[in-house]
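Q: Next up is a structure, given as structure tokens.
The values are calculated or read from the model by the stated rules, or taken from the named source; none is laboratory data. For clarity, every value in this text was computed on a predicted model and none was experimentally measured. As a convention, Cβ positions derive from the backbone with ideal geometry for all residues, glycine included, and neighbour counts pool all protein chains shown.
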Amino acid sequence: MSEMRLQRWLAMCGIASRRRCEELITSGRIDVNGRAVTQLGSKVDPQKDEVRVDGERVRAPARPYYIALNKPTGVICTNDDPAGRLRAIDLVAAVPARLFPVGRLDEDSEGLLLLTNDGDFAERVAHPRNQVAKVYRITVKGLPDPDAIQKLQHGVWLSEGKTAPTRVSVLRKTRESTTLLITLNEERNREVRRILARVELPVTKMLRVQVGPVRLGTLKRGEWRMLSPWEVKAFAPREVVAGAETSPTPAPLPRGRPSKPRDSGQAGRGTQAGRGTQAGRGTQAGRRPRGKLPAAHRPPQRKGGRRPAR
């Protein structure tokens, strides 16, 4: 293996996404051969150089794992929490790799969360330039008027600028609440709650049901499954350069049940490793979850090719 950029090597080793690894470098938390490195253009030779993060040596890349988790409310998406709260990675403790969440899902929200130890995969999913759609089923107080829906669809102004256009469908109405289906292609910090607050629609429940081609399906709260090979491949760059590395095939899960989380009362049961969830048919590893979204919220089909075989 020849020299490569330091942030790419760290991402390949499952430390974090490439953008997060760049932050670790600039903050002076990375040492190469005993010397702090803060320049983003720095390169390393993985076969010769010793790289450490906060004093802990970085090992060669582990086999890649790609996990879909139904995150319950009260579970946080950070790996480092001094308060000792239940983390998403605690629910997948049976996986023999250092996983981290892809993107964020705030503590008060639930639903689909992807986890991996592949930094390049995380970059492809989370970076705004890749326009990966995230779909939410949201319950709000009251009945939104047509003007509020139109504002959401055309974008609203937040402190950091105007949001991108948003797809919105009304799924259900009652006297006191409305259930919406909202699709975002660019997602900022707590953006869904913030844009709804701008049109005076307080959120009472938020469930993420899809990220790109990956659907929540019938996974119960706290349960998880491996992504199928075609789901992983669907996140690959659209233009494949000759000689470029292809997305690796997910490694099989170990047999046995996942370790119990630190506070099992806050989450549902984990699935048996390598077998997929027992919540119902259609969510075993390698199968595409059933169910259809409204046409306006379905991710666009790629041109010039067929979907990989299941």
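Q: Restricted to the range 159-182, and to residues that are at negative phi and of a type in the set (Gly, Ala, Ser), which residue is surrounded by the fewest Cβ atoms within 10 Å (Cβ to Cβ)?
A: If we take residues in the range 159-182 being at negative phi and of a type in the set (Gly, Ala, Ser), then 159 is surrounded by the fewest Cβ atoms within 10 Å (Cβ to Cβ).
Q: So which pairs qualify, if the first residue must be in the range 147-164 and in the same structural domain as residue 183 (by TED's automatic domain parsing), the second must be in a strand (DSSP E or B), the Cβ gap must be under 6 Å, and the two must be at least 6 apart or on different chains?
A: 149/168; 152/168; 153/168; 155/162
Q: Scan the range 24-45 and tell me whether some residue there is over 28 Å from residue 231 (Cβ atoms) and within 23 Å of the chain's Cα centre (by Cα).
A: There is at least one residue in the range 24-45 that is over 28 Å from residue 231 (Cβ atoms) and within 23 Å of the chain's Cα centre (by Cα).
Q: If you don't mind, there's one more thing I want to ask. With the structure loaded, tell me whether residue 156 is closer than 23 Å to residue 201 by Cβ, touching a His at 6+ places or on another chain (Cβ under 6 Å) and surrounded by 15 or more Cβ atoms within 10 Å (Cβ to Cβ) or whether it fails that test.
A: Taking the combined requirement at face value, the residue does not satisfy it.
Q: Here are some residues: 207, 219, 143, 201. Which one is crowded, with 16+ Cβ neighbours inside 10 Å, hydrophobic (A, V, I, L, M, F, W, C), out of contact with any helix residue (DSSP H, G or I) (no Cβ under 9 Å at 6 or more places or on another chain) and part of a loop (DSSP other than H, G, I, E, B)?
A: 219
Q: Could you please find all residues in the range 51-63 being surrounded by 12 or more Cβ atoms within 10 Å (Cβ to Cβ) and at pLDDT below 90?
A: Selection gives 58, 61, 62, 63.
Q: Within the range 148-198, work out how many residues are part of a helix (DSSP H, G or I) and polar (S, T, N, Q).
A: Summing the residues that are part of a helix (DSSP H, G or I) and polar (S, T, N, Q) in the range 148-198 gives 2.
Q: Out of the residues in the range 94-119 that are among the hydrophobic types (A, V, I, L, M, F, W, C), touching a Lys or Arg at 6+ places or on another chain (Cβ under 8 Å) and in a loop (DSSP other than H, G, I, E, B), state the one that is nearest to residue 224 (Cα to Cα).
A: Among them, the one singled out is 94.
Q: Sort through 111, 28, 74 and tell me the only one that's without any contact (Cβ under 8 Å) to a residue 60 or more places away in the chain and either in contact with a Pro (Cβ under 9 Å, 6 or more places away or on another chain) or at positive phi (or both).
A: That would be 28, the only listed residue that is without any contact (Cβ under 8 Å) to a residue 60 or more places away in the chain and either in contact with a Pro (Cβ under 9 Å, 6 or more places away or on another chain) or at positive phi (or both).
Q: Go through (1) modelled with pLDDT of 90 or more; (2) assigned to a loop (DSSP other than H, G, I, E, B); (3) hydrophobic (A, V, I, L, M, F, W, C) and name the single condition residue 232 misses.
A: For residue 232, the failing item is (2).
Q: What single numbered condition from (1) outside any loop (DSSP other than H, G, I, E, B); (2) under 16 Å from the mean Cα position of the chain (by Cα); (3) buried (at least 21 other Cβ atoms within 10 Å of the Cβ) fails to hold for residue 15?
A: Result: residue 15 passes all but (1).
Q: Suppose we filter the range 112-140 for residues that are β-branched (Val, Ile, Thr) and out of contact with any helix residue (DSSP H, G or I) (no Cβ under 9 Å at 6 or more places or on another chain); how many remain?
A: 2
Q: Of the residues that make up the range 57-79, is at least one in a loop (DSSP other than H, G, I, E, B), out of contact with any Cys (no Cβ under 8 Å at 6 or more places or on another chain), within 30 Å of residue 139 (Cα to Cα) and of a type in the set (A, V, I, L, M, F, W, C)?
A: Yes.
Q: Moving to a separate point now. Read through the list (1) at pLDDT below 90; (2) within 16 Å of the chain's Cα centre (by Cα); (3) within 25 Å of residue 220 (Cβ to Cβ), then give the number of the only condition that residue 97 fails.
A: The single condition residue 97 does not satisfy is (2).
Q: Ok, one more. What pairs come up if the first residue lies in the range 32-45 and is over 14 Å from residue 10 (Cα atoms), the second is part of a strand (DSSP E or B), and their beta carbons are under 8 Å apart, counting only those six or more places apart or on different chains?
A: Listed by first residue and then by second, the contacts come to 36/30.
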